[in-house]
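S.K.: Quick one: the structure is below, questions incoming.
Rule-based calculations on the coordinates, nothing more; no lab input. Not measured: the values here are computed from a predicted model. Every residue, glycine among them, receives a Cβ derived from its backbone with ideal geometry; neighbour counts consider all protein chains shown.
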Amino acid sequence: MKERFDVIVVGAGPAGLAAAYTTAKAGLKTIIFERGEFPGSKNMFGGVLFAHSLSEMFPDFWEEAPLERALVEERYWLLSEDSATTFSFKTKSFGQPPYNGFSVLRAKFDRWFAGKAVEAGALLVNETLVEKLIQKDGKTIGVQTGREDGDVYGDVVIVAEGVNSLLTKELGIHEEWRGNEVGVGVKELISLPKETIQERFNLEGNEGIAMRILGTTRGMTGGAFLYTNKASVSIGVACMVEDVSNECVCPNDLIDDLKNHPMVKPLIAGGSTKEYSAHMIPEAGFRSIPELVHDGLMIVGDAAMLTILITGEGANLAVTSGRLAGEAAVKAKENGDFSANGLSSYKEAMDESYVIKDLKQFKDFAGYFHSNRDILNLYPSLLNGIVKQVIATDGLPRSEKIERAKAMLKEKKSYWQLMKEAWHGWRSIR
Ligand SMILES: Cc1cc2nc3c(=O)[nH]c(=O)nc-3n(C[C@H](O)[C@H](O)[C@H](O)COP(=O)(O)OP(=O)(O)OC[C@H]3O[C@@H](n4cnc5c(N)ncnc54)[C@H](O)[C@@H]3O)c2cc1C
């Protein structure tokens, strides 16, 4: 392929597609390479797309995008062996424009998003692996693809290859991710009749629920999720790779634990598994973000480690980073300068956006969880035990129940330890 492009995008996930749409819409000659058969064919995520990032590009996208349900409830479950303590927030207003988030299936959604980039003028080349970034005098000038005669040249390459980020690792921009910097997630798509979902989750019309679950990861750093789609639920578990390999646990066993938990089992009863998928997740946050801008090169989305564990965000950060990188490429084209300096408005815009501000805010959070295993193991069961003790109406005076609950707590943790852990937890998110 001898043609030259203004912008070469590697990877047609949310980050790459947001970048390609932005540059193509501004009239820049843009090409996207995707290794999968079509965008979304190799992609998976838990299932929540927070609406704000996409509505900045497509103000009424919910009118045309293939979305599953508008999420009106966020429910948190702390599980012990046979109990659940629940925190929940539900509002009908999240079920109306401008919406908060939608459950989404990537095979459909990424395909739709790619269509928007192509409509804007981008050329999408599927089933093509970018094997290498071509360098000249320290500047990225193109990509080497797996196709015959497959070197393609351009002014800027936007790397949106996702968490593996092999291309930027090869350039020495970052080291291989360590086991405490990435997680592994497994997910099943379980089909259920629409009416069953409405009844079991107390939903009306197109409303959906996002459930986040702690206490089913055998004490490893991680959590589980369950999101409702139109006629299926997405259920899965994600854990830090280091823990999974140290504990020699097969992620498949974790999803079985979850599905067989007495609180979860009735929610999926009668359903049949339609899909099983596994994927890595960047988990280290702010401290692992590589330099985002280089001569002729920008890095966006998961390839830049842009996810926030505590809030379950990733796809929205990918879309925003892709859009901002696209806008920087447009500016660089106007100025005829694709050096790191000419592309620096990407880094500046990111620093000003919620993406970097939030990542900075939660920079110690993953480490806090990792070094305080009790949060994911001991505390959910302890909390359930105490709540059960206090709530059970069994003829014991309440004052005695409260004393018993205090004793249960003290047996496991001193007040001093509790305060110390709470203080460190608080510090990790401020
Ligand atoms: C289990 C799990 C649950 C998650 N849940 C959520 C959630 O509920 N909400 C949320 O916001 N985020 C969630 N995330 C995170 C979210 O999936 C990512 O943050 C988001 O997909 C990042 O988008 P991206 O475009 O950067 O990368 P990706 O979506 O990974 O896309 C990368 C694309 O690049 C292609 N590619 C890779 N290498 C090459 C190459 N060399 N040449 C050509 N093409 C290439 C891939 O095929 C892919 O299409 C979850 C992740 C996992 C694993």
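S.K.: If we restrict to alpha carbons, what Rg and Dmax does the chain come to, in Å?
M.R.: Cα radius of gyration and Dmax of the chain are 23.2, 84 Å respectively.
S.K.: Can you tell me the orientation of helix 398-412 relative to the chain, as the angle in degrees between its alpha-carbon axis and the longest Cα principal axis, to the nearest 10?
M.R.: 50 degrees
S.K.: Which residue, MET57, SER80, ASN43, has the largest displacement toward the positive end of the dipole of region 16-98 when charges sit on each Cβ (Lys, Arg +1; Asp, Glu -1)?
M.R.: Comparing the listed Cα positions along the dipole, MET57 ranks first.
S.K.: Shifting gears a bit: If you average the alpha carbon positions of region 343-392 and of region 255-311, how far apart do those two centres end up, in angstrom?
M.R.: 15 Å
S.K.: Which value at 222 nm does the chain reach when only helices count, each DSSP H run of 4 or more adding -39,500 (n - 2.57), with the total divided by all residues and rounded to the nearest 500 deg cm²/dmol?
M.R.: -10000 deg cm²/dmol
S.K.: Less than 25 Å apart at the alpha-carbon level, and either on another chain or at least 8 residues along: which lysines does that give for LYS139?
M.R.: Counting by Cα, and skipping residues close in sequence, LYS139 has these lysines nearby: LYS2, LYS29, LYS169, LYS331, LYS333, LYS347.
S.K.: Just how far, in whole angstrom, is region 91-109 from region 1-53 if you go by their alpha carbon centroids?
M.R.: 21 Å
S.K.: Same structure again: I'd like the projected area of region 1-79, averaged over all directions, using the convex hull of its alpha carbons. Report it in nm² with one decimal.
M.R.: Averaged projected hull area, Cα only: 7.7 nm².
S.K.: So how do MET263, MET408 line up by other beta-carbon neighbours within 10 Å, fewest first?
M.R.: MET408, MET263
S.K.: Still on this model: Can you tell me which lysines have their Cα less than 21 Å from the Cα of LYS274? Leave out same-chain residues fewer than eight positions away.
M.R.: LYS42, LYS108, LYS187, LYS194, LYS230, LYS259, LYS265
S.K.: Can you tell me the orientation of helix 415-428 relative to the chain, as the angle in degrees between its alpha-carbon axis and the longest Cα principal axis, to the nearest 10?
M.R.: Helix 415-428 sits roughly 20 degrees off the main axis of the chain.
S.K.: Let me ask you something else. Beyond 14 Å, what percent of the Cα pairs of region 121-207 remain?
M.R.: So the portion of pairs separated by more than 14 Å is 76 percent.
S.K.: Using packing as a proxy for protection, rank 232-243, 315-326 so that the peptide with the highest average count of other Cβ atoms within 10 Å comes first.
M.R.: 315-326, 232-243
S.K.: May I ask you to list the lysines whose Cα is less than 24 Å away from that of LYS410, ignoring any residue fewer than eight positions away on the same chain?
M.R.: The reachable lysines, counting only those whose Cα sits under 24 Å from LYS410, are LYS388, LYS401, LYS420.
S.K.: Average the reciprocal distances over every distinct pair of alpha-carbons in region 182-281, invert the result, and give the Kirkwood radius in Å.
M.R.: Working: mean 1/r = 0.0722 Å⁻¹.
The Cα-based Kirkwood calculation yields 13.8 Å.
S.K.: Now, a different point. Averaging over every viewing direction, what projected area does the convex hull of the Cα atoms of region 246-378 cover, in nm²?
M.R.: Values: hull surface 44.2 nm².
The number I arrive at for region 246-378 is 11.1 nm².
S.K.: Based on the mean of other beta carbon atoms within 10 Å per residue, what is the order of 419-425, 39-45, most packed first?
M.R.: Taking the mean over residues of other Cβ atoms within 10 Å, the ranking is 39-45, 419-425.
S.K.: Next up: Please check: in the Gaussian network model of the chain (C-alpha springs, under 10 Å), which one of ILE158, ILE134, ILE281 has the largest mean-square fluctuation.
M.R.: Checking each option, the largest mean-square fluctuation is seen for ILE134.
S.K.: Next question. Angle between the Cα long axis of helix 251-260 and the longest principal axis of the chain, 0 to 90 degrees, nearest 10?
M.R.: It is inclined by approximately 40 degrees.
S.K.: Here is a follow-up. With viscosity set to 0.692 mPa s and temperature to 37 °C, compute the Stokes-Einstein D of region 367-428, Rh being the Kirkwood radius across alpha carbon pairs; µm²/s, no decimals.
M.R.: Numbers: Rh = 12.8 Å.
Diffusion coefficient, whole number: 256 µm²/s.
S.K.: Then there's this: If you take every DSSP beta bridge whose two residues both sit in the chain, what share of them, in percent to the nearest 5, is antiparallel?
M.R.: Counting DSSP beta bridges with both partners in the chain, the antiparallel share is about 70 percent.
S.K.: Taking N as the number of residues in region 57-199, what is its alpha-carbon radius of gyration divided by 2.2 N^0.38 Å?
M.R.: 1.47
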